[in-house]
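S.K.: To start, I am sharing the structure in question, which I have written as structure tokens.
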């Protein structure tokens with residue numbers, strides 16, 4: 001245990017109760033919340049209760065460097081939400097928004113990975129389903145390592161046509177405006193989201209949503225996500241407003257029922273994304289487990305290593 005007077009800010013190895021360590025320095029403390037900065041400059045807000053007894057003693061005696069006022073831990077990111085626990089599913093509810101296409105209250109469900117550590121960057125996959133959509137993140141779980149990735153699901157509003165009809169009627173903005181506050185709350189819930197690994201995946205209407213978001217250069221998609229998985233869908237217009245040359249894209253449709261709009265959009269994406277796939281041989285309008293396994297393999301072997309080499 002540490003004894004004596006105050007301690008000034010400096011990097012040290014912090015250890016959590018699971019024995020995992022991280023080299024960082026204290027930025028600020030307030031109540032049970034501690035703001036730390038990793039040696040690469042990434043900052044996190046964590047709960048003191050997650051730290052070892054020695055580290056809790058260290059924090060108790062820490063004081064801001066002379067001449068510097070104590071910063072507010074929540075200034076750069078929200079405190080850790082007590083609902084965020086390994087393996088838990090957190091429901092982000094939006095009572096001021098319309099019900100979803102299934103008649104359920106507006107909700108974005110977020111599954112926390114089993115190996116969640118608030119002191120480490122958290123990779124994310126957002127899933128957008130086909131048909132009427134929904135808020136069940138289960139559709140995205142087969143695409144990533146669920147012990148490592150947080151997986152969230154975005155629904156569609158009942159007050160707007162579903163994407164297949166909305167893009168024909170010029171009403172996609174209603175869907176994006178419905179999902180935007182959900183993505184904002186997701187970022188607040190998980191302030192340690194990995195700055196490099198954020199993926200959005202969708203099938204059918206979900207793929208239409210992603211395709212139109214890219215075509216329309218919706219910043220909540222084009223600026224927030226680093227990789228796109230677009231299965232059996234796309235946009236009517238084949239020319240995106242913003243090229244995504246630093247992003248990754250997996251684009252696939254069943255060659256039994258290829259739709260012209262989707263196919264043309266995907267061909268355009270091939271010219272402006274780092275990686276892409278094309279045809280699901282012998283597959284109709286479906287996203288079978290065999291193809292999900294291929295996407296997972298692509299994410300693990302291509303996307304994650306590729307993004308690790310990019311600048312934040």
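The values are calculated or read from the model by the stated rules, or taken from the named source; none is laboratory data. Remember, it's a predicted structure, so these values are computed and weren't measured experimentally. Glycine also receives a Cβ, built like all others from the backbone with ideal geometry; neighbour counts cover every protein chain displayed.
S.K.: Does segment 217-229 hold any residues that are touching a strand residue (DSSP E or B) at 6+ places or on another chain (Cβ under 7 Å) and in a helix (DSSP H, G or I), and which are they?
M.R.: Residues of segment 217-229 touching a strand residue (DSSP E or B) at 6+ places or on another chain (Cβ under 7 Å): 221, 224-229.
221 - this is the single residue of segment 217-229 that is touching a strand residue (DSSP E or B) at 6+ places or on another chain (Cβ under 7 Å) and in a helix (DSSP H, G or I).
S.K.: If you take the residues in segment 202-217 that are touching a residue at least 60 places away in the same chain (Cβ under 8 Å) and touching a helix residue (DSSP H, G or I) at 6+ places or on another chain (Cβ under 6 Å), which one is nearest to residue 235 (Cα to Cα)?
M.R.: Once the filter is applied, the top-ranked residue is 209.
S.K.: Anything in segment 40-56 that is surrounded by fewer than 17 Cβ atoms within 10 Å (Cβ to Cβ) and over 20 Å from residue 190 (Cα atoms)? List them, or say none.
M.R.: Hits for segment 40-56 are 52, 53, 54, 56.
S.K.: Within 27 Å of residue 291 (Cβ to Cβ), surrounded by fewer than 22 Cβ atoms within 10 Å (Cβ to Cβ), under 16 Å from the mean Cα position of the chain (by Cα) and at pLDDT 90 or above: is that true of residue 165 in this structure?
M.R.: Details: within 27 Å of residue 291 (Cβ to Cβ): yes; surrounded by fewer than 22 Cβ atoms within 10 Å (Cβ to Cβ): yes; under 16 Å from the mean Cα position of the chain (by Cα): no; at pLDDT 90 or above: yes.
Spelling it out, it is not the case that residue 165 is within 27 Å of residue 291 (Cβ to Cβ), surrounded by fewer than 22 Cβ atoms within 10 Å (Cβ to Cβ), under 16 Å from the mean Cα position of the chain (by Cα) and at pLDDT 90 or above.
S.K.: For segment 200-216, indicate whether the set of residues that are surrounded by fewer than 20 Cβ atoms within 10 Å (Cβ to Cβ), outside any helix (DSSP H, G or I) and modelled with pLDDT under 90 is non-empty.
M.R.: In the first step, residues of segment 200-216 are kept if they are surrounded by fewer than 20 Cβ atoms within 10 Å (Cβ to Cβ); the result is 216.
Filter once more, so that each one left must be outside any helix (DSSP H, G or I): 216.
Subset that is modelled with pLDDT under 90: 216.
Within segment 200-216, one or more residues are surrounded by fewer than 20 Cβ atoms within 10 Å (Cβ to Cβ), outside any helix (DSSP H, G or I) and modelled with pLDDT under 90.
S.K.: When you scan segment 119-134, how many residues do you find that are crowded, with 16+ Cβ neighbours inside 10 Å and either over 15 Å from the mean Cα position of the chain (by Cα) or not assigned by TED's automatic domain parsing to the domain that holds residue 201 (or both)?
M.R.: The number of residues fulfilling the criteria is 5.
Condition check ((1) without any contact (Cβ under 8 Å) to a residue 60 or more places away in the chain; (2) touching a strand residue (DSSP E or B) at 6+ places or on another chain (Cβ under 7 Å); (3) more than 22 Å from residue 38 (Cα to Cα); (4) not assigned by TED's automatic domain parsing to the domain that holds residue 221) across all residues:
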position: 107; (1), (2), (3), (4): yes, yes, yes, no
position: 115; (1), (2), (3), (4): yes, no, no, no
position: 144; (1), (2), (3), (4): no, yes, yes, no
position: 148; (1), (2), (3), (4): yes, yes, no, no
position: 166; (1), (2), (3), (4): yes, no, yes, no
position: 194; (1), (2), (3), (4): no, yes, no, no
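The rows are residues; the columns are (1) closer than 17 Å to residue 196 by Cα; (2) assigned to a loop (DSSP other than H, G, I, E, B); (3) modelled with pLDDT under 90.
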| site | (1), (2), (3) |
| --- | --- |
| 233 | no, yes, yes |
| 256 | no, yes, yes |
| 265 | no, no, yes |
| 292 | no, no, no |
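S.K.: Same structure again: Residues of segment 147-194 being under 20 Å from residue 229 (Cβ atoms) and part of a strand (DSSP E or B), which ones?
M.R.: Matches in segment 147-194: 150, 151, 152, 153, 193, 194.
S.K.: Kindly check whether there is at least one residue in segment 217-228 that is surrounded by 24 or more Cβ atoms within 10 Å (Cβ to Cβ) and modelled with pLDDT of 95 or more.
M.R.: Scanning segment 217-228 turns up no residue that is surrounded by 24 or more Cβ atoms within 10 Å (Cβ to Cβ) and modelled with pLDDT of 95 or more.
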